[in-house]
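See below for the structure under consideration.
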Amino acid sequence: MIPLTTFALFATATLALVLIPGPNHLYIAARGIAQGRAAGLASALGVETGTLVHVAAAAAGLSYVLARSATLFSVIKWAGAAYLIYLGVRALTGKQDGTAAPAPQSLRAVFLEGVLVNLLNPKTVLLFLAFLPQFVDARAGSPALQVLLLGLTVLLVGLVCDIAYALTAGTLGHRLTRAATTLRYVSGLVYLGLGVATLVTASPTAPR
């Protein structure tokens, strides 16, 4: 349904995005540092459960927009590229916020909080609108199925990365905090690169 080269490009770009430390990773690392690996894993599973909700919403919403208006879908794609560039500029020019160790909670509470952290993270919502549409082609089959496949790929890659954060938080969490400035510059360059590449190469894929 999706060309192999397109899917490979998507998977590579997804890995680059997922590796960027963000609110989800900071939450997982903080839980792992404060309560150990079990809490870190519980928070990671909670975060990716929230991602599953985003995937379902994107599959329904983007396919509806594509079916109703090719122009609106193109607007979403270009706005998404602009947003990626904005994230890059903000990461390169902004300041890194510190995070305090959270109070101990039950694993169930940690899991549910992880779900909420991701559901209420505006960056996650906007990335699904900015990133996924770049790889949806109405000529390749059902847009909803394409978004579902791409979204589940994001979830899988994210889960692997989240588990790595959870398992290593106890030993590497403080080092990651000390390296926050370097990580911020790397994330900014990744966002800028993806945004500029989209502006240069993006072409309308919605039916005319």
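Once the chain from Leu107 to Ala16 is taken as fully extended at 0.36 nm per residue, the excess over their C-alpha distance is 29.8 nm. The alpha carbons of region 1-42 stretch over 43, 17, 10 Å along the principal axes, in descending order. Ordering Ser142, Ser106 by accessible surface, largest first, gives Ser106, Ser142; the 1.4 Å probe counts only protein heavy atoms, with every chain in place.
The values are calculated or read from the model by the stated rules, or taken from the named source; none is laboratory data. Please read these numbers as outputs of a predicted model, since none were measured by experiment. To get the accessible areas, we keep the full protein, side chains included, count just its heavy atoms, and leave off ligands, DNA and RNA. Shrake-Rupley method; radii C 1.70, N 1.55, O 1.52, S 1.80 Å.
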